[in-house]
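Q: Questions regarding the structure given below will be posed in turn.
The values are calculated or read from the model by the stated rules, or taken from the named source; none is laboratory data. Values in this document were obtained by computation on a predicted structure and should not be read as measured data. Cβ: placed from backbone, ideal geometry, glycine included. Neighbour counts: every protein chain shown.
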């Protein structure tokens, strides 16, 4: 089946089996290997990418469902010469150890910060209609779908809070 996926602002014309996951299309067919395959069951978050600005587990979604969508992977958030704020914060706070989960963590955190900015409540939010704040509890709840087997969680939370604070200062 022919499908054109817009990944990181580039069109990728692919011929895929209709059962190909978005994760496999990104990694194996588009050649973007930053997104990782962890559990392949949607339980670890290593494959988290952004689709139209919202985070999804790419291993649970079929590629053919995403024609016309804006797909952003870790490669689309920044480059070695121009890191995104979260990428830079992960480096600054040592928010990774082995680094395997880091692309999914950064993609998830990017969307999570936008959810907080938009005022979307979570299970631990104090109010359903008040502003959401990037507290440790809020970050832990919203990032709970992304696992780190090295247990770098304190540094991951520190990186997210660093970027959230910088955004608040800029506002």
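Q: Residue 65 fails exactly one of the following numbered conditions: (1) out of contact with any helix residue (DSSP H, G or I) (no Cβ under 7 Å at 6 or more places or on another chain); (2) loosely packed, with under 15 Cβ neighbours inside 10 Å; (3) free of Cβ contacts under 8 Å to residues at least 40 places away in the same chain. What is the number of that condition?
A: (3)
Q: Within the range 126-149, track down each residue that is outside any helix (DSSP H, G or I) and more than 18 Å from the chain's Cα centre (by Cα).
A: Within the range 126-149, 126, 127, 128, 129, 130, 131, 132, 133, 135 meet the criteria.
Q: Moving on. Are any residues in the range 122-156 free of Cβ contacts under 8 Å to residues at least 24 places away in the same chain and surrounded by 19 or more Cβ atoms within 10 Å (Cβ to Cβ), and if so, which ones?
A: 125, 132, 138
Q: Scanning for something surrounded by fewer than 22 Cβ atoms within 10 Å (Cβ to Cβ) and touching a residue at least 12 places away in the same chain (Cβ under 8 Å), does the range 101-108 turn up at least one residue?
A: No: the range 101-108 contains no residue that is surrounded by fewer than 22 Cβ atoms within 10 Å (Cβ to Cβ) and touching a residue at least 12 places away in the same chain (Cβ under 8 Å).
Q: Related question: Out of curiosity, is residue 97 modelled with pLDDT of 95 or more, over 18 Å from residue 7 (Cβ atoms) and either part of a loop (DSSP other than H, G, I, E, B) or outside the structural domain of residue 38 (by TED's automatic domain parsing) (or both)?
A: Criteria not met by residue 97.
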